[in-house]
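The values are calculated or read from the model by the stated rules, or taken from the named source; none is laboratory data. Just so you know, these numbers come straight off a predicted model, no measurement behind them. Methodologically, a virtual Cβ is constructed for each residue, glycine included, from the backbone with ideal geometry; neighbour enumeration extends over all protein chains shown.
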Amino acid sequence: MEFIMAKIELSNISHTYNPSDPNPTYALNPFSMTWENGKRYAILGPSGCGKTTMLNIVSGLVRPSKGKILFDENDVTNLITEERNIAQVFQFPVIYNTMTVYDNLAFPLKCRDFSKEKIEERVKSVSDTLRLSSFLNLPARKLTADQKQLISLGRGLVREDVAGVLMDEPLTVIDPDLKFRLRRNLKEINEQYKTTLVYVTHDQNEAMTFADNIIVMDQGEIVQVGLPKDLFERPKTTFVGYFIGSPAMNIFESEVSSDYSVKINNIEIKTNSNLSKIKDKNVKLGIRSEFINVAEKEGQNTIKALLKRVEDFGNFKLLTASMGDFVIKSKVNREMPIPNGDINLYIPPEKCCVYINEKLI
Amino acid sequence: MHKLYTFLKYTFITLWTVFIVAPFLWAISTSFKDFQSVNSKVTYIPWLDFEPTLEGWRVLVKSPARGGVDIVEPYFNSIFVTCTASLISIILGTLAAYALSRFTFKAGFVRNNDITFFFISQRIMPPIVLSIPFFIFLSTIGLLDSLFGLVVVYIVLLMPIAVWIMVDFFNRVPKELDETALIDGCNPYQAFYKVVLPNSIPGLIVAGMFCIIFGWIDFFFAFILTFTEVQLLPVKVVALNSSITPWWSLSASALISVAPLIIVAFVVERYLSKGNLSGALK
């Protein structure tokens with residue numbers, strides 16, 4: 001059976017690399033997820049969080065300890081990689097040393113018995129996109145590391161009928177300028193051919209600019225799946241708050257003081273979250289530095305803090321202020337006049353996220 | 001400092017080269033001598049010190065009936081046995097090594113490394129331990145004193161070398177290469193022979209060289225497992241010796257015994273220096 005442009009469903013998947021151990025450590029904790037056909041997904045998370053394991057499970061290189069993988073409702077869990085019609089690109093260049101660049105790019109098509117004309121047409125199109133056209137007749141081993149990675153990428157893109165293209169940090173070794181262009185090319189390929197693209201990265205900017213949906217993972221757990229905007233504005237856990245955004249989200253230890261407000265350092269901060277059902281009074285308040293503004297005078301939801309440092313990033317200024325033990329970071333417009341000493345920082349209630357046990361209310 | 005280093009380096013290389021090459025020159029010179037030139041006084045240079053003769057070489061190709069020793073047949077026997085055994089060892093050894101490198105085996109407490117060690121352990125014991133079992137084995141299946149019997153024995157001796165070298169080699173070929181081939185649409189067998197094997201030519205050459213060398217120079221088994229029907233080169237060369245040591249034909253036979261290995265070494269060296277074998281991945 002050929003799976004062409006399929007919906008990919010992971011159902012109750014979990015995986016451990018030491019199944020014979022009575023207390024196995026799980027590389028992936030049980031989860032379910034659906035990748036819609038034709039969309040772009042980014043899997044984002046620190047090293048060793050299970051991103052690569054997840055890709056390998058989808059491509060069939062790793063058989064999950066538990067759970068099922070469905071392509072368009074068909075169970076493919078027990079199918080080998082060859083039968084799944086998946087393309088995968090690894091983090092480091094893998095090339096067929098003994099072949100020319102052309103043969104490298106044509107290999108996936110040759111293996112699947114495409115016609116000679118079709119192979120030529122596809123290789124030409126892919127090599128044009130990746131700017132490899134002038135190297136086609138060279139032995140692949142003669143190219144530089146980043147060109148080799150382009151070959152790897154090209155082999156992933158040369159088949160247009162795949163169920164999905166899985167990319168495991170494919171642009172790590174590519175220089176920034178080309179990286180930017182390639183990301184745009186990948187987007188275009190996705191829009192043109194409606195191929196599902198799954199892109200693993202630990203770079204949030206890459207994930208944010210590339211994907212429709214971002215999957216944030218941490219320690220074998222899927223922490224949040226959502227649009228870039230959701231991840232930014234409403235991180236579901238403090239981990240996502242820390243991990244996404246630069247600088248990380250401001251997170252303050254605080255106490256619930258009424259149904260809609262918390263106290264930080266005895267200063268009352270109103271939020272839009274309903275806190276009436278919370279039993280534990282100790283919560284955390286999270287707010288993005290982008291949403292904290294400098295207020296002219298004290299008032300509702302302002303914090304008086306001592307300005308410690310101003311860093312000019314060109315397009316914005318980053319203020320670091322302290323209030324007791326708390327450190328507050330605020331990103332402000334670079335034209336904004338910054339007073340010295342004590343400043344008043346306004347925290348908009350609608351942007352406040354309240355966390356209990358590290359989870360968003 | 002740098003000059004001193006260069007000087008020392010070249011001095012050492014020169015000394016070493018003399019050390020290696022001198023015996024060969026001596027053997028070449030001796031192979032053209034006659035009884036008189038070897039035994040009367042020390043002589044070095046043909047025409048100047050002694051009158052060269054081809055007698056030492058002629059003896060080697062003359063049939064015993066005409067007073068020669070005829071090492072031509074043992075020579076081809078040796079080539080046949082060495083090449084056949086090496087080829088089979090490489091094929092079987094490579095397959096075994098690939099399996100040991102890529103798949104996980106478990107049988108009781110036995111793991112992949114134990115199996116690899118089992119192969120190598122065949123070479124740990126002194127060959128004499130194996131002589132009686134091999135003798136009985138070959139006589140039982142009726143292959144004593146035959147070329148095929150020797151091929152079988154040599155496969156046992158050479159395959160561990162092939163497995164050992166190739167396991168190490170395959171372990172250094174990233175598994176992503178196989179995985180990429182699988183993703184590109186190969187089944188596991190195609191991934192092996194279309195992608196992994198062409199990338200393993202350096203390892204195959206090294207393993208092949210070791211097999212050929214160890215097969216070619218073996219005297220022990222060639223000696224105890226053959227009698228009259230079949231003789232291999234090392235045995236025949238040793239048999240040249242008699243009450244009067246024929247230094248001239250011994251030198252000549254020694255030279256043509258090493259000749260194939262020298263040719264192999266030169267060919268492989270050419271191939272290695274072309275850079276074809278360097279940098280498997282990345």
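Name the strands (runs of 3 or more DSSP E) wholly inside the stretch A:208-264 in which the number of residues that are surrounded by fewer than 18 Cβ atoms within 10 Å (Cβ to Cβ) is 3 or more.
Result: A:250-258.
Checking A:Val62 against (1) more than 14 Å from chain B (Cβ to nearest Cβ); (2) part of a loop (DSSP other than H, G, I, E, B), which single condition isn't satisfied?
Failed condition: (1).
Please go through the stretch A:45-80 and pick out each residue that is in contact with a His (Cβ under 9 Å, 6 or more places away or on another chain), at pLDDT 90 or above and surrounded by fewer than 17 Cβ atoms within 10 Å (Cβ to Cβ).
Hits for the stretch A:45-80 are A:Arg63, A:Lys66.
Can you name the condition, by its number, that B:Phe266 falls short on among (1) assigned to a helix (DSSP H, G or I); (2) in contact with a helix residue (DSSP H, G or I) (Cβ under 8 Å, 6 or more places away or on another chain); (3) of a type outside the set (Lys, Arg)?
Checking B:Phe266 against (1) assigned to a helix (DSSP H, G or I); (2) in contact with a helix residue (DSSP H, G or I) (Cβ under 8 Å, 6 or more places away or on another chain); (3) of a type outside the set (Lys, Arg), the one that fails is (2).
Filter the stretch A:265-281 down to residues that are in contact with a strand residue (DSSP E or B) (Cβ under 9 Å, 6 or more places away or on another chain), surrounded by 12 or more Cβ atoms within 10 Å (Cβ to Cβ) and of a type outside the set (Val, Ile, Thr) and give me whichever is nearest to A:Glu311 (Cα to Cα).
Among residues in the stretch A:265-281 that are in contact with a strand residue (DSSP E or B) (Cβ under 9 Å, 6 or more places away or on another chain), surrounded by 12 or more Cβ atoms within 10 Å (Cβ to Cβ) and of a type outside the set (Val, Ile, Thr), the one nearest to A:Glu311 (Cα to Cα) is A:Asn265.
Would you check if B:Ile91 is assigned by TED's automatic domain parsing to the domain that holds B:Ala191 and either surrounded by 20 or more Cβ atoms within 10 Å (Cβ to Cβ) or under 14 Å from B:Ala207 (Cβ atoms) (or both)?
In short, yes.
I'm trying to understand the selection: among the residues of the stretch B:168-178, which are more than 8 Å from chain A (Cβ to nearest Cβ) and not hydrophobic (A, V, I, L, M, F, W, C)?
Selection gives B:Asp168, B:Asn171, B:Arg172, B:Lys175, B:Asp178.
Does any residue of the stretch B:118-129 turn out to be in a loop (DSSP other than H, G, I, E, B), more than 30 Å from A:Ile95 (Cα to Cα) and touching a helix residue (DSSP H, G or I) at 6+ places or on another chain (Cβ under 6 Å)?
Yes: one or more hits.
How many residues are assigned to a strand (DSSP E or B) and closer than 21 Å to A:Phe326 by Cα if we restrict to the stretch A:269-315?
Qualifying residue count, the stretch A:269-315: 21.
Which ones in the stretch B:22-53 are of a type in the set (Val, Ile, Thr) and part of a loop (DSSP other than H, G, I, E, B)?
B:Val42, B:Thr43, B:Ile45, B:Thr53, listed by residue number.
Just to check your reading of the model, which residue among A:Phe243, A:Phe252, A:Phe210 is outside the structural domain of A:Thr53 (by TED's automatic domain parsing) and within 19 Å of A:Thr52 (Cβ to Cβ)?
A:Phe243
Report, by residue number, each residue of the stretch B:198-207 that is away from chain A (no Cβ under 13 Å) and surrounded by fewer than 22 Cβ atoms within 10 Å (Cβ to Cβ).
Hits for the stretch B:198-207 are B:Ile205, B:Val206.
Can you name every residue in the stretch B:198-240 that is in a helix (DSSP H, G or I) and free of Cβ contacts under 8 Å to residues at least 60 places away in the same chain?
The answer is B:Pro198, B:Gly203, B:Val206, B:Met209, B:Phe210, B:Ile213, B:Phe214, B:Ile217, B:Phe223, B:Val238.
Inside the stretch A:138-164, can you point out the residues that are more than 10 Å from chain B (Cβ to nearest Cβ) and over 17 Å from A:Asp103 (Cβ atoms)?
Passing the criteria: A:Thr144, A:Asp146, A:Glu160, A:Asp161, A:Ala163, A:Gly164.
Of the residues B:Val163, B:Val196, B:Val173, which is closer than 30 Å to A:Cys111 by Cβ, among the β-branched types (Val, Ile, Thr) and either outside the structural domain of B:Thr228 (by TED's automatic domain parsing) or modelled with pLDDT under 90 (or both)?
B:Val173
Among what's in the stretch B:179-197 and is in a helix (DSSP H, G or I) and of a type in the set (A, V, I, L, M, F, W, C), pick the residue that is farthest from the other protein chains (Cβ to nearest Cβ).
Among them, the one singled out is B:Phe192.
Does the stretch A:99-146 hold any residues that are under 23 Å from A:Leu178 (Cβ atoms), without any contact (Cβ under 8 Å) to a residue 24 or more places away in the chain and among the polar types (S, T, N, Q), and which are they?
A:Ser125, A:Ser133, A:Ser134, A:Thr144
Restricting the stretch A:82-94 to residues that are among the polar types (S, T, N, Q) and buried (at least 23 other Cβ atoms within 10 Å of the Cβ), which is nearest to the chain's Cα centre (by Cα)?
A:Gln88
Under the condition of being without any contact (Cβ under 8 Å) to a residue 40 or more places away in the chain and not in a helix (DSSP H, G or I), which residue from the stretch A:165-202 is surrounded by the most Cβ atoms within 10 Å (Cβ to Cβ)?
Going through the qualifying residues, I end up with A:Leu171.
Take the residues in the stretch A:95-113 that are β-branched (Val, Ile, Thr) and within 12 Å of A:Leu143 (Cα to Cα); name whichever of them is surrounded by the fewest Cβ atoms within 10 Å (Cβ to Cβ).
This residue is A:Thr100.
State the number of residues belonging to the stretch B:136-151 that are in contact (Cβ under 8 Å) with a residue 24 or more places away in the chain and either more than 11 Å from B:Thr226 (Cβ to Cβ) or assigned to a loop (DSSP other than H, G, I, E, B) (or both).
Count: 4.
Just checking, how many residues over the stretch A:77-135 are at negative phi, polar (S, T, N, Q) and either within 9 Å of chain B (Cβ to nearest Cβ) or touching a strand residue (DSSP E or B) at 6+ places or on another chain (Cβ under 9 Å) (or both)?
7
Could you tell me whether B:Ala85 is without any contact (Cβ under 8 Å) to a residue 40 or more places away in the chain and in a helix (DSSP H, G or I)?
Spelling it out, it is not the case that B:Ala85 is without any contact (Cβ under 8 Å) to a residue 40 or more places away in the chain and in a helix (DSSP H, G or I).
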